[in-house]
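**Q** Before we start, here is the structure in question, set down as structure tokens.
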Amino acid sequence: MSGQEPLPPARTTRALLELGVLSHLDYELGEALCGLVDERGPEVALGVALASRAVQRGHVFLELAALGSQGFQDESGQPIPAVALPPLRDWCEALSQSRLVAVETQSALAPRPLVLVDSRLYLARYFEYERRLAAMLLARSVARHDGLDGALLRRGLERLFPLANEALLGQRRACLLAALGGLSVISGGPGTGKTFTVAKLLLLLQEQALERGNEPLRVALLAPTGKAAQRLGEAIAQNLDGAPDALAPHLPREASTIHRALGFQRHTPTRFRHHADNPLPADVVVVDEASMVDLALMTKLVDAVSPDARLVLLGDKDQLASVEAGAILGEIYGGNPGDGYSQAFAARVRELTGDDLPVSRARPAPGIHDCMVHLTHVHRFAGGGPIARLASAVNRGSVEDALAVLGEAEPAVELVPIDHAATLEASFGRLVEQRFAGLSAPSVEHKLAVLSSFRFLCAHRRGPFGVEALNRFVAEQLRRAGVLSGSGDWYDGRPVLVTANDYGLELFNGDVGVIAEEHTCEPRDGDRRPLVAFFPGAKSSVPRRFSPGQLPPHETVFAMSVHKAQGSELSEVALVLPERVSPIVTRELVYTAITRARERVRIYATREVLAQAIEQTVRRASGLGEALWGRRGG
């Protein structure tokens, strides 16, 4: 196909649909909107369809100027043949004249489904999300909580984070910022103590409230997925063990998903019960795994937090961004000079507690940098173990250092050269049988332990080394080895990943369970016991059980995408990279995969592909950073 002439512009939209670049949803949206206003120009239908596609791929807008140089790839990273696009000037002119498109200055006067800003084409609701979120974050960044007892706060900080202990200075600073400000953003990699810091922050804040004779603060602990919420609640509870008796009853022990806290409404799923006019009943709102929260949900969440409440965002700015549109944490940090805080904020901290904060030379005036702390001291992986050193090298973009760590013959990290012409059995057959053999055990607890110990993580869903192919292969391999029996979609030992929230069952997107025989029942149907879906207990070690027919949308999960693995922790991961780098095979993807593992990481890739991935960073079209920092993003 590469030898064909470029397709004529008039046929471009239909051609991109036939080539798989556009989905039917993208194509039909363009056709439907143009039909509503009798828009006949092919440039407009193409712009609408590609703007819809951009959002599906995680971008907030379509950057028209970049399309010509970037080209298109299919879902496995293969380049799409040349497709003619309208000249940029003509394309922007056609869009600006269309009744479907508002230029930025018109958007408030005549609501239209798209907004054009220079060469950025937004779906209108994402333009509004971006603008509203930036305004709300900037307003919160300069809000201050002045009713604090400085002496009490100083004593609490010294008790929990002594100045003499340099390893705790970042956490001390994070608590100071969160206590004083309406917004705080705490970033750090695995093991840097983000949840530990927040647990101690809650102690300090409740101590302030109770000592002054006020009502205890209402605290909401939130996370984007059920699994992440469960882990957040457990981590906070663990770090609050031994709290003073007077404070203990007022400290949270459980977390909720963001959707549940906002008041998900089944009949209006994009509109929540809590919003600016009916805010969350919370004085402190903590959001973990903030990098996983997309633009639309973050806007609705911040909108629902009372202006007088403290909002604390936790996450890893270097991790992959959300699956949906936006790159919130990366954009918030993107313009931070990292050299300190405003003069006014540093003076206020010195007056209150005596702590000295560096004053930023680049930004001495108050701003969003007054809300930010990046934790770097790793308390987990003691001694800077190989996983931590590998993650650090990847995060810095140092191919040389990453390959050096992988070449140290450390059992915890390994680069396994892969021949993409070989069969999956030749590449993974032995590993599959070793790691998943325990799925044949009758104990449900043992099966669940197997699934929390190891998983394949893939860059792509499709393709010969993608999620779908690996899941099919692993199931077939385990059947051949006698580990699994039965055919079809339902069999004893099948691991399942929930892909949509079910609030009635308390099963959430990202939860992993296993299908197993119900051994408390007598055999039936030819000596077979009924199959039941088991998931880890939310509040106890006893697995929860569901009829398979009850389950919300789900899929088999011997392998999963790195994106889907965000927020997970496993003993060991095997990262499988494709034959060539595509736009989604990036430094952030490799870093995210590595940091899912506690004990061991295997990377199946050629040295060349791994090196290219480490050198390539995520490029998401978003204007949030520009709005927050006054720079041109994109």
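The values are calculated or read from the model by the stated rules, or taken from the named source; none is laboratory data. Since this is a predicted model, take the numbers as computed values, not measurements. Cβ: placed from backbone, ideal geometry, glycine included. Neighbour counts: every protein chain shown. The area values use the complete protein model at the heavy-atom level, side chains included, leaving out ligands, DNA and RNA. Shrake-Rupley method; radii C 1.70, N 1.55, O 1.52, S 1.80 Å.
**Q** Starting from the Cα of Lys317, draw a straight line to each of the lysines and keep only those under 26 Å, dropping any in the same chain fewer than 8 residues away.
**A** Straight-distance partners of Lys317: Lys194, Lys200, Lys227, Lys300, Lys564.
**Q** Same structure again: Let me spell out the model: positive unit charges on the Cβ of Lys and Arg, negative unit charges on the Cβ of Asp and Glu, origin at the Cα centre of the chain. What dipole size does that give, in debye rounded to 20?
**A** Approximately 540 debye in magnitude.
**Q** So who's got an amide H within less than 5 Å of the one on Ile80, skipping anything under 5 residues away but keeping other chains? H placed 1.01 Å off N, in plane.
**A** Excluding prolines and chain starts, which carry no amide H, the hits are Phe72, Gln73, Asp74.
**Q** Cβ neighbours within 10 Å, averaged per peptide: list 286-295, 213-222 in order, most packed at the top.
**A** The most tightly packed comes first, giving 286-295, 213-222.
**Q** May I pose another question? In Å, what Kirkwood hydrodynamic radius results for the stretch 104-219 from the alpha-carbon pair distances?
**A** For the stretch 104-219, the Kirkwood estimate is 17.2 Å.
**Q** If packing is taken as the average count of other Cβ atoms within 10 Å, what order do 52-65, 391-404, 306-319, 243-256 fall into, highest mean first?
**A** 306-319, 52-65, 391-404, 243-256
**Q** Here is a follow-up. Counting only DSSP beta bridges with both residues in the chain, tell me the antiparallel percent, nearest 5.
**A** 35 percent
**Q** Over 17 Å, how big is the tail of the calculated P(r) for the stretch 188-271, in percent of all Cα pairs?
**A** 53 percent
**Q** Taking the simple approach of a point 7 Å from Cα along Cα-to-Cβ for both Ser96 and Glu215, what is their distance in nm?
**A** So the two model labels end up 5.4 nm from each other.
**Q** Could you please state how large a percent of the accessible area of the chain is carbon and sulfur, counting protein chains only and using a 1.4 Å probe?
**A** Ligands and nucleic acids excluded, carbon and sulfur reach 49 percent.
**Q** Taking every alpha carbon pair in the chain, what does the distance histogram look like in 20 angstrom bins from 0, in percent?
**A** So the P(r) values, bin by bin, are 18, 49, 30, 3.
**Q** How much length would be gained if the chain were fully extended between Thr617 and Asp241, taking 0.36 nm per residue of separation minus their Cα-Cα distance, in nm to one decimal?
**A** Gain on stretching Thr617 to Asp241: 131.3 nm.
**Q** Here is a further query. Stretched out fully, how many nm does the piece from Asp146 to Ser485 gain, at 0.36 nm a residue minus the Cα gap?
**A** Stretched fully, the Asp146-Ser485 segment lengthens by 115.6 nm.
**Q** Which order do the peptides 349-355, 372-378 come out in when sorted by mean C-beta neighbours inside 10 angstrom, highest first?
**A** For the peptides 349-355, 372-378, the packing ranking is 372-378, 349-355.
**Q** Report the far tail of the P(r) of the stretch 232-316, meaning the percent of Cα-Cα pairs longer than 18 Å.
**A** I get 49 percent for the Cα pairs in the stretch 232-316 exceeding 18 Å.
**Q** Oh, and also: Looking at the P(r) of the stretch 281-427, how many percent of alpha-carbon pairs lie beyond 25 Å?
**A** The answer is 52 percent, as a whole percent.
**Q** To the nearest 10 square angstrom, what accessible area does Glu599 show with a 1.4 Å probe?
**A** 120 Å²
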